[in-house]
Amino acid sequence: MSEEELVRQEWAEGEKQLEAARGDRRRYETLLGQVGIVTEELRKEVGQTYTLAELARAYRDAERWGREVVEERAPSPGWPRDLALVLAAAFHAYQRGASDYLA
């Protein structure tokens, strides 16, 4: 299995965890806000024209800048424990814009 396939599985799992949080409205809304902020930053990091491989490479460094942006713009109690979920869910959604994306 390629690195790209592995990270896409990780992204899908993050999306599943995000949706599983739907039952806790407050937490879910907080997570959605954090995903939105990470997505905005992701747009700056990779631009609007990219491939899945480029997105997978960007994911390698995402914890560093993702931690900074969430801490600065949308911290919540215990947010560091949710950072991996937030990053994965944001990348999962953003992958749909890749030039080589196939569902």
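For region 22-51, a residue qualifies if it is over 20 Å from residue 66 (Cα atoms) and among the small types (Gly, Ala, Ser), and exactly one does: 23. On inspection, residue 90 qualifies as closer than 13 Å to residue 14 by Cβ, in contact with a Ser or Thr (Cβ under 6 Å, 6 or more places away or on another chain) and open to solvent by less than 80 Å² (accessible area, probe 1.4 Å). Scanning region 50-87 for residues that are free of Cβ contacts under 8 Å to residues at least 40 places away in the same chain, part of a loop (DSSP other than H, G, I, E, B) and either crowded, with 18+ Cβ neighbours inside 10 Å or not acidic (Asp, Glu) (or both) yields 75, 77, 78.
Residue 22 falls short on exactly one of the conditions (1) open to solvent by 90 Å² or more (accessible area, probe 1.4 Å); (2) in a loop (DSSP other than H, G, I, E, B); (3) within 23 Å of residue 103 (Cβ to Cβ), and that condition is (2). Could you please let me know if residue 41 is touching a Gly at 6+ places or on another chain (Cβ under 9 Å) and charged (D, E, K, R)? The answer is yes for residue 41.
The values are calculated or read from the model by the stated rules, or taken from the named source; none is laboratory data. As the structure is a prediction and not an experimental result, all values here were calculated from the model. So basically every Cβ, Gly included, is an ideal-geometry build from the backbone, and we count neighbours across all protein chains shown. These area figures cover heavy atoms from the full protein model, side chains too; ligands, DNA and RNA do not enter into them. Shrake-Rupley method; radii C 1.70, N 1.55, O 1.52, S 1.80 Å.
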